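The values are calculated or read from the model by the stated rules, or taken from the named source; none is laboratory data. What you are looking at is a predicted structure, and each value in this text was computed from that prediction instead of being measured. Here the Cβ is made from the backbone with ideal geometry for all residues, glycine too, and neighbour counts use every protein chain on show. Remember, those area values only see protein heavy atoms, side chains included, never the ligands or the DNA or RNA. Shrake-Rupley method; radii C 1.70, N 1.55, O 1.52, S 1.80 Å.
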Amino acid sequence: MKKKIGFLSFGHWSPQSRTRSAADALLETIDLAQAAEQLGADGAYVRVHHFARQLASPFPLLAAIGARTKRIEIGTAVIDMRYENPLYMAEDAGAADLIAGGRLQLGISRGSPEQVIDGWRYFGYQPAEGESDADMGRRHAEVLLDLLRGQGFAQPNPRPMFPNPPGLLRLEPYSEGLRDRIWWGAGSNATAVWAAKLGMNLQSSTLKNDETGEPFHVQQAAQIRAYRDAWKEAGHTRTPRVSVSRSIFPLVDDRDRAYFGREGQQQDQIGYLDEQTRAIFGRSYAAEPDALIEQLKADEALAEADTLLLTIPNQLGVDYNAHVIEAVLTHVAPALGWR
């Protein structure tokens, strides 16, 4: 299957790495997006984490990438909706999408374990009575989806500062088509099915709830199939998109072997996201190209997805990460029929 291939950066920074500051992380992400576009990659995606030395406020960054590139998709994987004001977010997303010419692919989710306890409370949000924080995140997401339909809902002032169009007013700027480019980061089969019913694309990362005890890629493939079945049952008319994230490092030179040539995370790992939720974390792939190709052929979820997001070690710098992307595009993708 032909695949769109992009990178996913968490935007880590620390004084001990090549990415030493928040400014470095932001500016290097823009530079890497430009380099990835020149190499023929299809997407530049960023992770969003609050209260951490990582990327946190995606829309200024995405707008900057959109202004500096021409073709590459720009997106998130994912924004934690527990922290978001859906109305303000709809304005920011509309502006970034218009700047990029309709290339925004916005990944959202109910969130993941945080750096602080209930960090969304500091942002002014709290679950309604009888609601969990996950429920609140999904509620914020549903409000966002409704806003992105572009329908008027606000009563206009009879004496406005500026002339209004007739009828109820919507948020501006409005970007036509963005509603179809919203993705949900699903950690379970049930939330993947929920996302399908609401007409969102699916993002599945390198971890999910361990629901069957099977290998990670087998569980993830089953999640994707359940999502597609639910999409078909819901009667949506367009074809949905599905992405998976992977750490893939072809060992093609001495730098690769020095960084990733030793035995790394070659097996799935089991952990707990909280006291109740057992999770399975997918393996990393690092090998000589011929061996790597054979390993990736056995990954069932990769075969199911139409989009691959390469999780990159951004702290190793723009040049090295561009090299990793190029190595995948050149030495791996053609042999697997992705190009």
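If the condition is being of a type in the set (Gly, Ala, Ser) and crowded, with 23+ Cβ neighbours inside 10 Å, then segment 40-61 contributes Ala41, Gly43, Ala44. Tell me which residues, restricted to segment 25-60, are within 14 Å of Ile74 (Cβ to Cβ) and among the basic types (Lys, Arg). If the condition is that a residue be within 14 Å of Ile74 (Cβ to Cβ) and among the basic types (Lys, Arg), then Arg47 is the only one that fits. Of all residues in segment 154-179, those satisfying the criterion of being open to solvent by 100 Å² or more (accessible area, probe 1.4 Å) and among the hydrophobic types (A, V, I, L, M, F, W, C) are Met161, Phe162. Count of segment 180-209 residues, restricted to those that are closer than 14 Å to Gln105 by Cα and open to solvent by 50 Å² or more (accessible area, probe 1.4 Å), is 1.
Kindly indicate whether Gln115 is touching a residue at least 24 places away in the same chain (Cβ under 8 Å), open to solvent by 60 Å² or more (accessible area, probe 1.4 Å) and part of a loop (DSSP other than H, G, I, E, B). Considered against the rule, which asks whether it is touching a residue at least 24 places away in the same chain (Cβ under 8 Å), open to solvent by 60 Å² or more (accessible area, probe 1.4 Å) and part of a loop (DSSP other than H, G, I, E, B), Gln115 comes out as yes. Restricting the first member to segment 184-203 and to residues that are under 17 Å from Gly282 (Cα atoms) and free of Cβ contacts under 8 Å to residues at least 40 places away in the same chain, and the second to residues that are in a loop (DSSP other than H, G, I, E, B) and open to solvent by 20 Å² or more (accessible area, probe 1.4 Å), the beta-carbon pairs closer than 8 Å and six or more apart or on different chains are Ser188/Glu211; Asn189/Glu211. The residue pairs whose first member lies in segment 215-228 and is within 13 Å of Leu202 (Cβ to Cβ), whose second member is of a type outside the set (A, V, I, L, M) and open to solvent by 10 Å² or more (accessible area, probe 1.4 Å), and whose beta carbons are closer than 6 Å, counting only pairs six or more residues apart or on different chains, are Ala221/Glu300; Ala221/Glu304; Gln223/Asn189; Ile224/Glu304; Ala226/Asn189.
Taking into account only those residues within segment 68-99 that are within 25 Å of Leu39 (Cβ to Cβ) and more than 17 Å from the chain's Cα centre (by Cα), which is least open to solvent (accessible area, probe 1.4 Å)?
Going through segment 68-99, the residues within 25 Å of Leu39 (Cβ to Cβ) turn out to be 68-78, 96-97, 99.
Pick out the ones that are also more than 17 Å from the chain's Cα centre (by Cα) and you get 68-71, 99.
Numbers: Arg68: 125, Thr69: 7, Lys70: 179, Arg71: 110, Ile99: 92 Å².
Ranking the candidates gives Thr69 first.
Kindly evaluate Glu37 against the criterion of being under 15 Å from Asn321 (Cβ atoms), open to solvent by 40 Å² or more (accessible area, probe 1.4 Å) and either modelled with pLDDT of 95 or more or aliphatic (A, V, I, L, M) (or both).
In short, no.
For segment 262-287, enumerate the residues that are more than 15 Å from Gln220 (Cα to Cα), assigned to a loop (DSSP other than H, G, I, E, B), touching an Asp or Glu at 6+ places or on another chain (Cβ under 9 Å) and not polar (S, T, N, Q). Selection gives nothing. Applying the set (1) in contact (Cβ under 8 Å) with a residue 40 or more places away in the chain; (2) open to solvent by 50 Å² or more (accessible area, probe 1.4 Å); (3) within 18 Å of Ala222 (Cα to Cα); (4) of a type outside the set (Asp, Glu) to Arg255 leaves exactly one unmet item: (3). Taking the criterion of being at pLDDT 95 or above, of a type outside the set (S, T, N, Q) and either touching a Ser or Thr at 6+ places or on another chain (Cβ under 8 Å) or under 21 Å from Val46 (Cα atoms) (or both), would at least one residue in segment 164-175 satisfy it? Looking for residues that are at pLDDT 95 or above, of a type outside the set (S, T, N, Q) and either touching a Ser or Thr at 6+ places or on another chain (Cβ under 8 Å) or under 21 Å from Val46 (Cα atoms) (or both), one finds none in segment 164-175, hence no.
Working only within segment 231-251, note down all residues that are aliphatic (A, V, I, L, M) and surrounded by 19 or more Cβ atoms within 10 Å (Cβ to Cβ). Give the derivation first.
Keep residues of segment 231-251 that are aliphatic (A, V, I, L, M), which gives 234, 242, 244, 248, 251.
Val242, Val244, Ile248, Leu251, listed by residue number.
Inspection of segment 16-30 finds a residue satisfying the criterion of being open to solvent by less than 40 Å² (accessible area, probe 1.4 Å), among the aliphatic types (A, V, I, L, M) and more than 30 Å from Ala303 (Cβ to Cβ). The single condition from (1) out of contact with any Gly (no Cβ under 6 Å at 6 or more places or on another chain); (2) surrounded by 14 or more Cβ atoms within 10 Å (Cβ to Cβ); (3) in a strand (DSSP E or B) that Ala301 fails is (3).
Among the residues of segment 258-287, just one is open to solvent by 60 Å² or more (accessible area, probe 1.4 Å), at pLDDT below 80 and in contact with a Pro (Cβ under 9 Å, 6 or more places away or on another chain), namely Asp274.
Applying the set (1) open to solvent by less than 90 Å² (accessible area, probe 1.4 Å); (2) part of a loop (DSSP other than H, G, I, E, B); (3) in contact with a Phe, Trp or Tyr (Cβ under 7 Å, 6 or more places away or on another chain) to Phe123 leaves exactly one unmet item: (1).
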